[in-house]
Amino acid sequence: MRILAIGDIHGCYTAFDKLLDKVKLKSDDIIITLGDYVDRGPDSKKVIDRLIKLHKTGQLIALRGNHEVMMNEAGNNKLDLEYWLNAGGRETLVSYSKKANLTSVPDEHWNFIKNVCVNYWETETHFFVHGNAAPNLPLNQQTEEYLFWRKFYQSQPHFSGKVMVCGHTAQKDGLPFNLGYAICIDTWVYGKGWLTCLDVTTGKVWQTNQQGKLRTAFIDEFKILPKVTALKAKKQLAARELNHVYT
């Protein structure tokens with residue numbers, strides 16, 4: 001059985017479809033998507049449609065991201081709606097209808113966002129969140145600010161000893177950020193980056209982009225040595241990108 005974590009999709013269905021194809025899903029795989037399925041990319045509706053189909057197979061654990069939170073809150077008042085629209089919500093609504101209003105989103109999609117998505121998930125060795133986790137609190141006591149909004153660079157080892165796998169903090173060099181005790185796989189697919197899938201057992205990494213390209217690696221290639229500053233580490237990892245083979 002593989003446990004496959006997929007980073008922030010942001011409406012980039014072409015990359016998502018290519019990624020699922022190249023990973024070659026097996027019937028006993030567990031897929032954990034880390035949230036931010038909507039906004040910014042062109043095909044949020046198609047992404048949610050695909051996620052709903054995957055969930056019906058029993059294989060998908062879908063986490064809730066801050067963009068799903070904003071979308072869910074957009075119906076509260078004009079201020080929340082405008083906040084979401086400016087954060088990529090306009091692209092999401094257009095993917096449903098040229099009318100670009102909330103009523104175009106079908107009930108099944110609202111149910112997925114509100115009731116199917118969860119805030120976290122964990123195994124014996126890893127836990128999965130969208131944003132981050134306070135190091136001294138169990139997952140069921142984490143605040144929404146940490147789970148949905150806190151950036152990756154403030155990560156500390158969790159008291160459980162488990163490795164955190166998250167998204168949310170876009171790595172604009174297109175490379176995963178691996179601290180050993182915490183791994184970020186939001187690799188900026190809606191920009192000029194990649195969509196990342198990590199097999200947490202073997203460490204294999206698949207990446208696809210909106211142009212249909214594929215590359216693979218292993219997560220240890222991106223591990224940051226202790227006491228290396230984040231800035232120096234990012235420069236080191238960016239240089240490694242030249243060694244990847246594009247197919």
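The values are calculated or read from the model by the stated rules, or taken from the named source; none is laboratory data. Please read all numbers here as calculations on a predicted model, not as lab measurements. Note that we place each Cβ from the backbone using ideal geometry, even for glycine, and neighbour counts take in every protein chain shown.
Looking at (1) farther than 23 Å from LYS172 by Cβ; (2) within 14 Å of the chain's Cα centre (by Cα); (3) in contact (Cβ under 8 Å) with a residue 40 or more places away in the chain, which is the only condition ILE31 fails?
It fails just one condition, (3).
Kindly provide the set of residues from region 25-58 that are in contact with a Ser or Thr (Cβ under 8 Å, 6 or more places away or on another chain), under 19 Å from VAL165 (Cβ atoms) and not hydrophobic (A, V, I, L, M, F, W, C), ordered by number.
TYR37, the sole residue that qualifies.
Can you pull out every residue in region 131-170 that is under 24 Å from PHE218 (Cβ atoms), assigned to a loop (DSSP other than H, G, I, E, B) and touching a residue at least 60 places away in the same chain (Cβ under 8 Å)?
GLY167, HIS168, ALA170
Considering only region 62-78, state which residues are out of contact with any helix residue (DSSP H, G or I) (no Cβ under 7 Å at 6 or more places or on another chain) and either crowded, with 21+ Cβ neighbours inside 10 Å or polar (S, T, N, Q) (or both).
Once the filter is applied, which keeps residues that are out of contact with any helix residue (DSSP H, G or I) (no Cβ under 7 Å at 6 or more places or on another chain) and either crowded, with 21+ Cβ neighbours inside 10 Å or polar (S, T, N, Q) (or both), region 62-78 yields LEU63, ARG64, ASN76, ASN77.
Checking ASP199 against (1) farther than 20 Å from ASP29 by Cα; (2) buried (at least 16 other Cβ atoms within 10 Å of the Cβ), which test does it fail?
(1)
Condition first: touching a strand residue (DSSP E or B) at 6+ places or on another chain (Cβ under 7 Å) and aliphatic (A, V, I, L, M). Now tell me which residues in region 149-206 satisfy that.
Residues satisfying the conditions are VAL163, MET164, VAL165, ALA182, ILE183, ILE185, VAL189, LEU195, LEU198, VAL200, VAL205.
Would you pick out the residues in region 22-44 that are closer than 21 Å to LYS192 by Cα and outside any strand (DSSP E or B)?
Residues satisfying the conditions are LYS22, LEU34, GLY35, ASP36, TYR37, VAL38, ASP39, ARG40, GLY41, PRO42, ASP43, SER44.
Need pairs with beta-carbon distance below 7 Å; first residue at pLDDT 95 or above and β-branched (Val, Ile, Thr) and within region 77-94, second surrounded by 14 or more Cβ atoms within 10 Å (Cβ to Cβ) and in a helix (DSSP H, G or I); sequence gap 6+ or separate chains.
Pairs that qualify, where the first residue is at pLDDT 95 or above and β-branched (Val, Ile, Thr) and the partner is surrounded by 14 or more Cβ atoms within 10 Å (Cβ to Cβ) and in a helix (DSSP H, G or I), are THR92/SER44; THR92/MET71.
If GLY88 meets every condition in (1) in a loop (DSSP other than H, G, I, E, B); (2) on the phi > 0 side of the Ramachandran plot apart from one, which number is that one?
Of the numbered conditions (1) in a loop (DSSP other than H, G, I, E, B); (2) on the phi > 0 side of the Ramachandran plot, the odd one out for GLY88 is (1).
Just to be sure, is ASP173 in a loop (DSSP other than H, G, I, E, B), among the charged types (D, E, K, R), crowded, with 20+ Cβ neighbours inside 10 Å and within 17 Å of the chain's Cα centre (by Cα)?
no
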